[in-house]
Amino acid sequence: MELTRLKSWLLAIGFVVLVAVPPLVTALDETFYITLISRVMIFAIAALSLDIILGFGGMISFGHAAYLGLGSYAVGILAFHEITNGWLQLFVAIGGSAVVAFIIGAICLRTSGIYFIMITLAMTQLLFFIGISLETYGGDDGLPTDRSEFAAFIDLGNEWILFYLILGFLVLCMYISWRLINSRFGMVIRGCHENEARMQAIGFPTYRYKLLAFVISGSMCGIAGFLLANLTEFVTPEFMHWFRSGEIMIMVLVGGMGTLFGPVVGAFAFLLFEEIISGFTENWPVIFGPLLVLLVLFAKQGVWGLLPKSKAGDG
Amino acid sequence: MSTLLVLEQTLNGIQFGVFLFLISAGLTLVLGIMNVVNLAHGALFMMGAYFASTFVAWTGSFFIAFLLIIPSSVILGIIIEMLTLRPLYLRDHMDQVLATFGLILFFNEGVKLVWGVDPQPMPTPELFAGNVEIFPDAPYPVFRLFIIGVGLLVAAVIYFLIAKTKVGMLIRAGASNTQMIRAMGVNIRFLNTFVFGLGAFFAGLAGLMAAPIISVESGMGDEMLILAFVVIVIGGIGSVRGALVASVIIGVFEVVGRSMLPIAMQKIFPLEIAQTAGPAIASMLIYILMAGVLFFKPQGLFPARTG
């Protein structure tokens, strides 16, 4: 998948704008936007990771919020036991998400179609209920947490530094998924989406490939969870609610399913739209619900998918 | 942990299971025959409860409310089917998931606009308001027994409809091979609308039955939807018999597990561990059961679809 010149330019401009956000909004005395854009970028990572299995692999996981929760609980629970080392927390967030994604994936990938959707949904609900029943770690009410501590020069207490750390992770994750999708592994995953029987016939153990993609996607979303806990300084089972999974899916749809960087655009479009419209009315889902139905019916290619495609495929 | 308590909790579990069956019976037909993911089923259940509360407030009669629930939930179901699902039958499941998710957002927020954010009042109908002593010295609410009765009646009606009528024959044929009955010249579009209307009616009925015992509020269908999915996965998509068996299993596991497991664990483990891990494991039980069933029978206990 290559990017057209237009898309490359758009990405470059987007990056420059993001880099300029903290100084710009500080100058305008609207520092609230630093937190807002940080949050958007975190969900962009989550949507990006979901698109690897959803858009490219054709695995309709309705449980991606699970890893968002796992990543954030890694921060919350370790900090609760006074382990605030950021590297260790990040390692546990990624590792924990990978292990759980492996278990869930191993069970769910035995099935397909409607079953797969319902089981990924149910498995995430399982984690949600575990989160609620963990009384020690706040249970239903959630758990306030401190930000991770990295080496002295990365002080996450500073909103600017946290913002740039999240931006850095976003760029890293975009690079990883670009390399991944264009690799031989990525080709096999896309092949499984197109025609799994044929992939098996030419000798690929598709179950193992899909499982690995599921694990990679889950661990990438674990990073988003790690960052989310740091941004909100709060961990709650609510992060794992199945509505969250639905919202991440919406971001992928709005940006363009099966496009490399569409989900990032989708996260921006969805969350900023939500921010604006909820300023007008508290009952914004009444408007957004039917809008979503219309989007599905008539504009499935998404924002990023509307842009001209390169010959090698739509990046 | 007395025997009486176990019996009472088992009865509660069966009642909850039958109630789950009311929700999942319609959904399993929709999933199995139409091959469509319908997340809005939980919203239909919620609307049933809201309608019930409103009708009872208007007429003061549970029975009249029941009569009014039939057309209102069926019409709502058919409107949903025609406007959003019909164009999506041939699209992939992802589209159906997102569109019906949009419907959930709409209905959950819509009821707040129409009825306000407070839970709606819904009295238990007077006829079923009291308690009976099934076991000596253990009063049991009549309404809960009534729910079991209605659930079994619905199971019987569905059995008759599916096994003995022409339309039931088409439904069974549709569940096992949609392409084939289309090729045989069956009006699949009408069949789909009929099945969806039927599913909407059962969801509405479940809402009516649930309204007196659980709080009628926005989002009340969301958790139920997931439980219904677990039931359907265990029972096998499209199988009403599977849904009945799985509902009762899930109901008993959920209710008895939640009340008994923490107590039972205290006998084996230290108090502290039992109090922390007990509720956690109890809430995991049904999902572990689901994973177990899937591991041995990926198509569920009673697979309906053959091709």
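Observations on the model:
- Summed over segment A:100-127, residues that are in a helix (DSSP H, G or I), polar (S, T, N, Q) and facing another protein chain (nearest Cβ under 7 Å) total 1.
- Put simply, of A:CYS173, A:CYS192 the only residue that is in contact (Cβ under 8 Å) with a residue 60 or more places away in the chain and within 20 Å of the chain's Cα centre (by Cα) is A:CYS173.
- Candidate set: segment A:52-64, residues that are within 13 Å of another protein chain (Cβ to nearest Cβ) and among the aliphatic types (A, V, I, L, M); chosen: the one surrounded by the fewest Cβ atoms within 10 Å (Cβ to Cβ): A:ILE60
- Tally of residues being within 10 Å of another protein chain (Cβ to nearest Cβ) and within 19 Å of B:SER239 (Cβ to Cβ) across segment B:277-290: 2
- Residue list for segment B:128-143, filter: under 24 Å from B:THR3 (Cα atoms) and assigned to a helix (DSSP H, G or I): B:VAL142, B:PHE143
- Members of segment B:238-256 found to be modelled with pLDDT under 90, within 12 Å of chain A (Cβ to nearest Cβ) and within 18 Å of A:GLN125 (Cβ to Cβ), listed by number: B:GLU254
- Which listed residue is surrounded by 17 or more Cβ atoms within 10 Å (Cβ to Cβ) and closer than 18 Å to A:ILE130 by Cβ, from B:GLY300, B:GLY278, B:GLY251: B:GLY278
- Residues of segment B:93-127 that are outside any helix (DSSP H, G or I) and either within 8 Å of another protein chain (Cβ to nearest Cβ) or in contact with a Pro (Cβ under 9 Å, 6 or more places away or on another chain) (or both): B:MET122, B:PRO123, B:THR124, B:PRO125.
- Residues in segment A:1-25 that are free of Cβ contacts under 8 Å to residues at least 24 places away in the same chain and not small (Gly, Ala, Ser): A:ARG5, A:TRP9, A:ILE13, A:VAL16, A:VAL17, A:PRO23, A:LEU24, A:VAL25.
- Subset of segment A:133-190 (residues that are part of a helix (DSSP H, G or I), polar (S, T, N, Q) and modelled with pLDDT of 85 or more): A:SER177, A:ASN182
- Taken across segment B:264-281, residues that are assigned to a helix (DSSP H, G or I), hydrophobic (A, V, I, L, M, F, W, C) and touching a residue at least 40 places away in the same chain (Cβ under 8 Å) do occur, with at least one present.
- Restricting segment B:48-92 to residues that are in a helix (DSSP H, G or I) and over 23 Å from the mean Cα position of the chain (by Cα), the residue that is nearest to the other protein chains (Cβ to nearest Cβ): B:PRO87
- Some residue of segment B:17-30 being more than 14 Å from chain A (Cβ to nearest Cβ) and either surrounded by fewer than 18 Cβ atoms within 10 Å (Cβ to Cβ) or free of Cβ contacts under 8 Å to residues at least 12 places away in the same chain (or both): no
- Residues of segment A:201-247 classified as within 14 Å of chain B (Cβ to nearest Cβ) and either in contact with an Asp or Glu (Cβ under 6 Å, 6 or more places away or on another chain) or assigned to a helix (DSSP H, G or I) (or both), total: 10
- Segment A:257-290, residues that are more than 13 Å from chain B (Cβ to nearest Cβ), crowded, with 24+ Cβ neighbours inside 10 Å and among the small types (Gly, Ala, Ser): A:GLY262, A:ALA267
- In segment A:78-96, the residues that are over 27 Å from A:SER217 (Cβ atoms) form Cβ pairs under 9 Å with partners that are in a loop (DSSP other than H, G, I, E, B) and of a type in the set (Ser, Thr, Tyr), at six or more places apart or across chains, as follows: A:PHE80/A:THR145; A:THR84/A:SER148.
- No other residue among A:THR35, A:THR124 is surrounded by 18 or more Cβ atoms within 10 Å (Cβ to Cβ) and polar (S, T, N, Q) apart from A:THR124.
- Applying the set (1) β-branched (Val, Ile, Thr); (2) under 29 Å from B:SER2 (Cα atoms); (3) within 12 Å of chain A (Cβ to nearest Cβ) to B:ILE226 leaves exactly one unmet item: (2).
- Looking only at segment A:128-170, and only at residues there that are within 14 Å of another protein chain (Cβ to nearest Cβ) and in contact with a Phe, Trp or Tyr (Cβ under 9 Å, 6 or more places away or on another chain), the one that is surrounded by the fewest Cβ atoms within 10 Å (Cβ to Cβ): A:THR136
Matching residues to (1) modelled with pLDDT under 90; (2) touching a helix residue (DSSP H, G or I) at 6+ places or on another chain (Cβ under 9 Å); (3) crowded, with 18+ Cβ neighbours inside 10 Å; (4) not hydroxyl-bearing (Ser, Thr, Tyr):
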{"position": "A:GLU2", "(1), (2), (3), (4)": "yes, yes, no, yes"}
{"position": "A:LEU6", "(1), (2), (3), (4)": "yes, no, no, yes"}
{"position": "A:THR31", "(1), (2), (3), (4)": "yes, yes, no, no"}
{"position": "A:GLY69", "(1), (2), (3), (4)": "no, yes, yes, yes"}
{"position": "A:ILE77", "(1), (2), (3), (4)": "no, yes, yes, yes"}
{"position": "A:VAL92", "(1), (2), (3), (4)": "no, yes, yes, yes"}
{"position": "A:GLY105", "(1), (2), (3), (4)": "no, yes, yes, yes"}
{"position": "A:CYS108", "(1), (2), (3), (4)": "yes, yes, yes, yes"}
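- Scanning segment B:55-84 for residues that are surrounded by fewer than 18 Cβ atoms within 10 Å (Cβ to Cβ) and aromatic (Phe, Trp, Tyr) turns up B:TRP58, B:PHE63.
The values are calculated or read from the model by the stated rules, or taken from the named source; none is laboratory data. Model, not experiment: these values are computed from the prediction. Ideal geometry is used to build each Cβ from the backbone, glycine not excepted, and the neighbour counts take in all protein chains shown.
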